[in-house]
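To keep things clear, I will list the structure first and then write my remarks on it.
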Amino acid sequence: MISSLTLNPIAKAGLTLGVFAFFGVILLASVQWLTKDDIAENIRQRHLVKLHEIIAPDSYDNDLLGSMTELNVTADGIANAVKVYSVLQREKEVAKVFEVTSLEGYSGSISMLVGVNLEDLSLRGVRIISHKETPGLGDKIETAKDDWIFQFTGKSLNNPSVEQWKVQKDGGAFDQFTGATITPRAVVNAVRESLKLAAEGVSSNE
Ligand SMILES: Cc1cc2nc3c(=O)[nH]c(=O)nc-3n(C[C@H](O)[C@H](O)[C@H](O)COP(=O)(O)O)c2cc1C
């Protein structure tokens, strides 16, 4: 039986292929298992770098990533799942960062970080984490492409007034992009809803 198998070139090729596939799968699974912690740590570090764009590393003294809690909220145009990071200085909470996802993007969801100072509920800054908007049109929400996102820093629900928290095309204070209103509208709305969550005193313990 064995000798007829070894003599059969098709069976031999099949067996060789099967052995290579088996060891290939084992190798892949091992590499994945061995690197999973490194990959998770890389993702955490990339997230921290993004957070540091709005919360300077020397402006807090707690474990920012470790402070994250998840909330389930109901707010206009944003996904229910919201992550909240607490920014502490000498054990006093001075700011919160909301990680929210707008569901109103042109090409799907837009995830962003919205940092809010708790003293006056003004914005520390806003940064986009991920989006699928059209290059050259909707991607001007990225700092690498345009300064547009920087305009939020220092703004609050009083400045401009809450009624003005819309793009200009909808009668609000925030400019849209030439030929692209949907993306900036989605971001302005999500930032406004985040400010409302902060104003409602949404606690990271809720
Ligand atoms: C191929 C294509 C891609 C587009 N991508 C975007 C986009 O990423 N963001 C956006 O706001 N508008 C995009 N637009 C334009 C929108 O369809 C829309 O015309 C524009 O946002 C103006 O919206 P408004 O009519 O509500 O003012 C795209 C249009 C086309 C044809």
ask   = Among the numbered criteria (1) farther than 27 Å from Ser86 by Cα; (2) touching a residue at least 24 places away in the same chain (Cβ under 8 Å), which single criterion is violated by Gln164?
value = (2)
request  = Please enumerate the residues belonging to segment 126-154 that are away from the ligand (no atom under 16 Å from the Cβ) and surrounded by 19 or more Cβ atoms within 10 Å (Cβ to Cβ).
outcome  = Val126, Arg127, Phe152
query = When residues of segment 74-124 are filtered for being of a type in the set (D, E, K, R) and not in a strand (DSSP E or B), how many remain?
reply = 6
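Residue under question is Gly171, and the condition is that it be within 12 Å of the ligand (Cβ to nearest atom), on the phi > 0 side of the Ramachandran plot, exposed (fewer than 14 other Cβ atoms within 10 Å of the Cβ) and not charged (D, E, K, R); does it hold? Please lay out each step first, then the result.
Details: within 12 Å of the ligand (Cβ to nearest atom): no; on the phi > 0 side of the Ramachandran plot: yes; exposed (fewer than 14 other Cβ atoms within 10 Å of the Cβ): yes; not charged (D, E, K, R): yes.
Here the answer is no, as Gly171 does not meet what is asked.
Can you tell me which residue among Ala190, Ala186 is near the ligand (Cβ under 10 Å from one of its atoms), of a type in the set (A, V, I, L, M) and part of a helix (DSSP H, G or I)? If you could, list the steps in order and put the result at the bottom.
Working: Ala190 fails: near the ligand (Cβ under 10 Å from one of its atoms).
None of the other options fit; the residue is Ala186.
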note = When segment 102-124 is checked residue by residue, the ones that are closer than 24 Å to Thr181 by Cα and surrounded by fewer than 21 Cβ atoms within 10 Å (Cβ to Cβ) are Leu103, Glu104, Tyr106, Ser107, Gly108, Ser109, Ser111
query = Could we say that Ser59 is of a type in the set (S, T, N, Q), touching a strand residue (DSSP E or B) at 6+ places or on another chain (Cβ under 9 Å) and at pLDDT 85 or above here?
reply = yes
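The values are calculated or read from the model by the stated rules, or taken from the named source; none is laboratory data. None of the values given here were measured: they were computed from a predicted structure. Neighbour counts run over all protein chains shown; Cβ positions are idealised from the backbone, glycine included.
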